Structures are given as structure tokens and as C-alpha cells.
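**Q** Below is the structure I would like to discuss, written out as C-alpha cells.
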Amino acid sequence: MKTLKIDHIGVAVKSIEEASKIYTELLGLEMHGIEEVQDQKVKVAFIPVGESEFELLEATDPESSIAKFIEKRGEGIQHIALRVDDIEKALEELKQKGVKLIDEKPRYGAGGAKIAFIHPKSTNGVLIELCER
Ligand SMILES: C[C@@H](C(=O)O)C(=O)SCCNC(=O)CCNC(=O)[C@H](O)C(C)(C)COP(=O)(O)OP(=O)(O)OC[C@H]1O[C@@H](n2cnc3c(N)ncnc32)[C@H](O)[C@@H]1OP(=O)(O)O
Ligand SMILES: [Co+2]
């Protein structure tokens with residue numbers, strides 16, 4: 001497997017409209033249109049910066065991972081996403097190495113990317129998303 005770059009940093013927020021002001025008004029970045037990813041029960045907004053992006057995540061359902069994260073830990077960085085060249089191959093390799101995967105098969109994320117999460121128990125408490133686009 002080849003890990004190419006940090007694709008995005010996922011930030012759990014209560015309100016994209018409120019939180020985005022920090023990035024746009026204070027930091028001078030531009031926000032892309034908001035998209036709903038029903039599979040993950042979230043609304044997502046991307047804010048590109050250089051080669052990577054911030055991904056602001058707002059829950060659309062109390063059962064969403066984002067709602068649970070905010071309830072337990074408050075708003076903040078929820079995951080780091082790494083872009084890989086071949087996600088199926090990456091998942092197969094990690095599984096063989098005994099890594100605990102949340103998703104053994106890719107799901108579809110924002111912008112139609114293929115995504116899969118590694119359990120934070122396997123990565124010293126960092127929720128890592130793999131994505132291929
Ligand atoms: C749209 C898409 C895209 O990019 O295209 C996205 O990003 S969607 C982004 C949102 N979707 C996701 O995050 C999907 C993957 N996430 C999940 O499946 C879940 O959130 C889990 C990571 C499995 C945690 O869920 P669970 O219900 O088990 O919560 P829990 O509170 O019992 O957590 C179990 C243990 O994991 C830890 N834990 C929970 N969330 C964590 C996080 N974000 N980062 C680091 N550690 C975390 C807890 O502290 C706990 O540790 P202790 O046991 O030590 O207390
Ligand atoms: Co993400």
C-alpha cells in the first residue's frame with residue numbers, strides 16, 4: 001500500500017455555519033458547499049488549505065458518530081484522513097497485520113471517495129480514516 005498525504009482533518013462541530021466563520025473570517029480560507037453523507041449521518045463542509053483540507057462535520061442524527069463524540073469529548077479534531085492509492089489493498093494489508101478495522105470494506109464518503117476507518121484502539125487513540133479518490 002502507498003500512503004500519499006494527509007487528505008483531510010475531520011473536525012466535529014455543533015454547527016458548520018457557526019464553526020466555519022473561524023476558518024473563513026479569521027483565517028481567510030474558503031469553504032466549499034455543504035454536502036450530506038447519509039451513510040455517516042453527517043453534513044460535511046470542506047475547507048481546502050494547501051494540499052489538504054479541513055472537513056467540518058455536523059451530526060444529522062443523535063446516533064451519528066459525530067453526535068456521540070461531541071457528547072463525550074466536546075467539539076474538536078475527530079479523525080485524520082490519509083489518502084491511499086488502493087484502499088482495498090491497504091485494508092487487506094492492515095488486516096493481515098492484525099490491525100483492528102472499523103470497516104473491512106470501503107464505504108462511500110464525501111465527494112464519492114472510498115473511505116474506511118481504523119479503530120483508535122489500534123492506533124494509540126487516533127481515529128484514522130483511509131480514503132481513495
Ligand atoms: C463523511 C466522511 C468522509 O470523510 O468522507 C467522514 O469522515 S464521516 C466521520 C464520522 N464517522 C466515523 O467516525 C465513523 C467511524 N467511527 C466509529 O465507528 C466510532 O465513532 C468509533 C471510533 C468506533 C467509536 O464509537 P463508539 O460508539 O464505540 O464510541 P465509544 O465512545 O464507546 O468509543 C470507544 C473507544 O474509542 C475512543 N474513541 C471514540 N471516538 C474516538 C475518536 N474520534 N478518536 C479517538 N478515540 C475515539 C473512546 O474514547 C473509547 O475509548 P475508551 O474505551 O478508552 O474510553
Ligand atoms: Co473524513
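**Q** Would you mind stating whether G33 is at pLDDT below 95, more than 15 Å from ligand 2 (Cβ to nearest atom) and within 26 Å of K21 (Cα to Cα)?
**A** yes
**Q** Just checking, which of S64, S52 is surrounded by 14 or more Cβ atoms within 10 Å (Cβ to Cβ) and either among the β-branched types (V, I, T) or more than 10 Å from ligand 1 (Cβ to nearest atom) (or both)?
**A** One residue alone meets the criteria, S52.
**Q** I've got another one for you. Quick one: would you say K14 is near ligand 1 (Cβ under 10 Å from one of its atoms) and in contact with a helix residue (DSSP H, G or I) (Cβ under 8 Å, 6 or more places away or on another chain)?
**A** no
**Q** In addition: Hey, among the residues in the stretch 74-92 that are in contact (Cβ under 8 Å) with a residue 60 or more places away in the chain and loosely packed, with under 13 Cβ neighbours inside 10 Å, which one's farthest from the chain's Cα centre (by Cα)?
**A** Out of the qualifying residues, it is D85.
**Q** Exactly one condition in (1) touching a residue at least 24 places away in the same chain (Cβ under 8 Å); (2) away from ligand 1 (no atom under 13 Å from the Cβ); (3) among the charged types (D, E, K, R) is false for E25; which is it?
**A** If we test E25 against (1) touching a residue at least 24 places away in the same chain (Cβ under 8 Å); (2) away from ligand 1 (no atom under 13 Å from the Cβ); (3) among the charged types (D, E, K, R), just (1) comes out false.
**Q** Working only within the stretch 3-34, note down all residues that are over 18 Å from R133 (Cα atoms), of a type in the set (K, R) and outside any loop (DSSP other than H, G, I, E, B).
**A** The answer is K21, and nothing else.
**Q** Cβ-Cβ below 6 Å, separation at least six or inter-chain, first residue in the stretch 113-133 and of a type in the set (F, W, Y), second surrounded by fewer than 21 Cβ atoms within 10 Å (Cβ to Cβ): which pairs?
**A** Correct list of pairs: F117/I102; F117/D103.
The values are calculated or read from the model by the stated rules, or taken from the named source; none is laboratory data. Please read these numbers as outputs of a predicted model, since none were measured by experiment. Reconstructed Cβ throughout: ideal geometry from the backbone, glycine too, with neighbour counts over all protein chains shown.
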